[in-house]
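Rule-based calculations on the coordinates, nothing more; no lab input. As the structure is a computational prediction, the values presented were derived from the model and not from experiment. A quick note on method: Cβ atoms are made from the backbone with ideal geometry, for glycine too, and the neighbour counts reach across all protein chains shown.
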Amino acid sequence: RNSVNRPPTPDAAEDLGKEPMFQEIINIKLIESGEKERLMELLRERLIECGWKDEMKALCRAFIKKKGRNDVTVDDLVRVITPKGRASIPDYIKAELLQRIRAYLVQAAV
Amino acid sequence: MSGPNDDNMSPHTQLSSHFFGDLLDSIIVDVASECHRIAKLGLDRNLEEEEEELRLSTQARVRAADPSNSGEANSKYVVDIFGQTHPPVANEIFECMNCGRSIMAGRFAPHLEKCMGKGRKARLKATRSSTAAQNRYSRGSPVSTYSPYSNSSSTNRLSNGTPGVAGEEYSNGTLEEP
């Protein structure tokens, strides 16, 4: 008898990474161990040092000046800075964070 | 974030990218939220100054474009902080308490000068005039002349030049010493 809710078999390793349930489990591990917070602080610090945050704030200010500060929503600003924000992360920062995350996944025996 | 090369990535790499994207999105929301807060609370001084300058420049442009404004008119009809304009000469009209004429408020002081006898003409007017409430001046005697009660608010003038007592009222008019 096959259960409909049976989780995928472990050999489908590639698909596993995309499995939302699996990602959620890892996420919880990250949060509970405190590693997510540390990673976040590290990324925040790096992004401030390299001026990325200032660039984003400048984009926000320009948008606010145009639209008028009374009409602006947080969603507006998120929409404004997300494309440029994601694209303009310096490679060395991305590399450092990815390295840290992978190290965590390894030691968490994922 | 996850791109077109998903199949080539090891699961760890892909997972890492996923979580990196997660962290980045959170930080983006934080930055947006911070900027939003600063804007709403008016904490950005530069934004305030720019808004102020923008407003002043549009105001100035409106005023400059308005054809009914001439430079002279502007200087005379200055607007005070309550938004009121005042004509250059006070134009309320009332009755002079000395001669009974209708006088414009802004012209009252010069009128009083003539009316109450600072000048030659006024003194001649006083001795010759027969209207009620006019002062009488005796010729040469050291008399203190008290003005009738209707004039008590102004200074008194005497033919011999000595200063009289100001503000006293006598219902029977002038007082003369023998």
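Can you give the FRET efficiency for A:Leu42 and B:Phe82, using 1/(1 + (r/R0)^6), R0 = 41 Å, r = Cβ-Cβ distance, to the nearest 0.05? So, using R0 = 41 Å, E works out to roughly 0.10. Converting phi to 3J(HN,Hα) with the Karplus coefficients 6.51, -1.76 and 1.60 and the offset θ = phi - 60°, segment A:35-47 yields 5, 4, 4, 5, 4, 4, 5, 4, 5, 4, 4, 5, 6 Hz in sequence order, with x at every glycine or proline. Note on A:Thr73 and A:Glu49: the extension gain reaches 5.9 nm, defined as 0.36 nm multiplied by sequence separation minus the Cα-Cα distance.
Prolate is the label for segment B:11-65, because a/c, from the alpha-carbon gyration tensor with a ≥ b ≥ c as root eigenvalues, is 1.5 or above and a/b exceeds b/c. Each Cα pair under 8 Å and six or more residues apart adds its separation to the average, and for segment A:11-110 the resulting relative contact order is 30 percent. In order along segment A:98-107, the phi-based Karplus estimate (6.51 cos²θ - 1.76 cosθ + 1.60, θ = phi - 60°) of 3J(HN,Hα) comes to 4, 4, 4, 5, 4, 4, 5, 4, 5, 6 Hz; Gly and Pro are listed as x. In terms of surrounding Cβ atoms within a 10 Å radius of their Cβ, B:Cys96, B:Cys35 rank from fewest to most as B:Cys96, B:Cys35.
The simple Förster model, with R0 at 30 Å and r as the Cβ-Cβ distance, assigns B:Ser33 and A:Lys94 a FRET efficiency of 0.85. With θ taken as phi - 60° and the Karplus curve 6.51 cos²θ - 1.76 cosθ + 1.60 applied, the whole-hertz 3J(HN,Hα) list for segment B:35-46 is 5, 4, 4, 4, 5, 5, 7, x, 8, 8, 4, 4 Hz, x standing for glycine and proline. First check a/c for segment B:78-117, with a ≥ b ≥ c the square roots of the eigenvalues of its C-alpha gyration tensor; if it is under 1.5, answer rounded, and if not, answer prolate when a/b is larger than b/c or oblate otherwise. Prolate shape, in that a/c is at least 1.5 and a/b is the bigger ratio. Each of B:Ala65 and B:His111 was given a label point 7 Å from its Cα along the Cα-to-Cβ line. The distance between the two points is 4.5 nm.
The ranking of A:Thr73, A:Thr82 by Cβ neighbour count inside 10 Å, starting from the fewest, reads A:Thr73, A:Thr82.
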